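Notes follow the structure.
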Amino acid sequence: GMVQQEPAGAPGLAAAAVVEAAVTTAEVRLSRRRWAVVLLFSSYSLCNSFQWIQYGSINNLFVHFYGVSAFAIDWLSMSYMLTYIPLLFPVAWLLDKRGLRLIALAGSGLNALGAWVKLGSLKPHLFPVTVLGQVICSLAQVFILGMPSRIASVWFGSREVSTACSIAVFGNQLGIAVGFLVPPVLVPNVEDVEKLAYHISIMFFMTAGVATALFILVIIVFKEKPPHPPSRAQALIQSRPTEEYSYMQSILCLLRNANFLLLMVTYGLNTGCFYSLSTLLTRMVIHYYPGEEVNAGRIGLTIVLAGMVGALISGIWLDRTKTYKQTTLVIYIMSLVGMIAYTFTLSLGHLWVVFVTAGALGFFMTGYLPLGFEFAAELTYPESEGTSSGLLNVSAQIFGIAFTIGQGQIMDRFGTQAGNLLLCSFLLLGTVMTAFIKADLRRQQANLDNEQTCCLPPVRSGERSEGPRSSSAPTGCSGR
């Protein structure tokens, strides 16, 4: 009639054993749909980022059309940054609780709605309507920016996750490139307001049509997750009971991670410089090269296209080498060098030189964006990629607003070169801080541990295990 007392810690050990069994027996398989998902996301992200920069790339024409100041037009771009900051945490919570599909539908749907609202602003006195349309598009961006690393982790295997993240970010950068190239071509510099309204309407109609088509495709194609986990690390996350996960605990855990905090600040400095440079680029170029709005757009296009190549190369490089810290530091240093070269060649009077230095700057500065997402996912595993990416983006938006306002004011008072030197100083600070980040690659370690566990022979009754069989997550706050 005696009842044997359960040893202390037995429930935790039993739960760990269940998780280990689930991970070990889980079938890891890649889905063919993964490429359609990432390309579709990349496409509607492209459309959204195009709408971000379409005002800034022809800033002077919208100033003339609406009869407002250049600073007011700059705020149409900065609205993207301002909206993101208070809405990050609610959207990241939704991403964790409701999953990828709902966030994809919201992002693509709001993007299309904002594009249609802008069509109601084709009169000079309707500037508030175009502000409303841009604010709706900025809401869509909140549902887009934190997705790349999450899509990569949920849909792609461990050997292609960085490449997938680069492709997801690739669309956002391509949209900025198109936003630099297309508006100066579709909207020529004409004095007649009615002709200007006609050309602007063509651009707005094309954008609304593309955004609506992409929204319909998201409804049809975009799924929550593949039928089978694509990696052992993802199998480990999916095997964890949902009630174990606390969203607020996850945020607190990230904010206690010293390496992630350093990365969050350095990512914000680098990306904030890029946002400021993109918003004010046309003003810089036409200051030294009056009447060259089309070439200003082409310089912006060169920056982003070179950055897309850099992003793709860095993604492939990371998948092969896993040298996150070293690659991040090298790209940061080269971003600083590129910014210095651009600063001192802009005023030389030779546009081809500006194209070369701007392309070199873009290759490294824009190529850094997906690298930051993936490095954060490694440093913070097993926490949600949506939360870590969101915090990186909040940092980028805060620095982006500060740099855009600060650089714009310095350009007005002390000249364009002084404004660019401000960005150089902050990139130098970011380079020094990056050197202090430790390469604590937790996600890679989880994949290695689980691969070793699956390769070990089963332990027979009465035998002792010779090697590590634990497939638990690396030390983390949420136990995810």
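The values are calculated or read from the model by the stated rules, or taken from the named source; none is laboratory data. What you are looking at is a predicted structure, and each value in this text was computed from that prediction instead of being measured. We place every Cβ from the backbone using ideal geometry, glycine too, and count neighbours over all the protein chains shown. Surface areas here come from the heavy atoms of the whole protein model, side chains and all, with no ligands, DNA or RNA. Shrake-Rupley method; radii C 1.70, N 1.55, O 1.52, S 1.80 Å.
Counting only heavy atoms of the protein chains and using a 1.4 Å probe, Tyr342 has close to 0 Å² of accessible surface.
Whole number in Å², please: accessible area per residue of region 248-450, 1.4 Å probe, ligands, DNA and RNA not counted.
Working: 6870 Å² over 203 residues.
Result: 34 Å² of accessible area for each residue.
In debye, nearest 20, what is the charge dipole magnitude of region 36-231 about its Cα centre with +1 on Lys and Arg Cβ and -1 on Asp and Glu Cβ, if you could check? Kindly include the intermediate steps, with their values, before the conclusion.
Working: 10 positive and 7 negative charges, 126 e Å.
Value, rounded to 20: 600 debye.
Each part gets one Cα centre, and for region 366-426 versus region 325-362 those centres are 17 Å apart. List the lysines whose Cα lies under 18 Å from the Cα of Lys325, skipping any in the same chain that are fewer than 8 positions away. Within the straight-line cut-off, Lys325 pairs with Lys438. Think of region 36-231 as a dipole: +1 on every Lys or Arg Cβ, -1 on every Asp or Glu Cβ, centred on the Cα centre; then among Gln134, Trp155, Leu46, Trp155 lies furthest on the positive end.
Between region 190-235 and region 254-279, the C-alpha centres lie 27 angstrom from each other.
Surface composition of region 256-314: carbon plus sulfur atoms hold 66% of the accessible area, using a 1.4 angstrom probe and ignoring ligands, DNA and RNA. The mean sequence separation of alpha-carbon pairs under 8 Å and at least six residues apart, normalised by the residue count of region 36-231, gives a relative contact order of 37 percent. Accessible surface area normalised per residue over region 34-142 is 32 Å², counting heavy atoms of protein chains with a 1.4 Å rolling probe. The listed peptides 57-66, 78-87, ordered by packing as a protection proxy, come out as 57-66, 78-87 (highest mean of other Cβ atoms within 10 Å first). Ordered by 1.4 Å accessible area with all protein chains kept, Phe215, Phe414 run largest first as Phe414, Phe215.
Here region 248-450 is treated with +1 on each Lys and Arg Cβ and -1 on each Asp and Glu Cβ, and its dipole about the Cα centre works out to around 240 debye. Counting lysine pairs in region 36-231 whose alpha carbons fall under 22 angstrom apart, excluding pairs fewer than 8 residues apart on the same chain, gives 4. Think of region 248-450 as having a plus end and a minus end, set by charges on the Cβ of Lys, Arg, Asp and Glu; of Val337, Val304, Ser314, Val337 sits farthest toward the positive end of this dipole.
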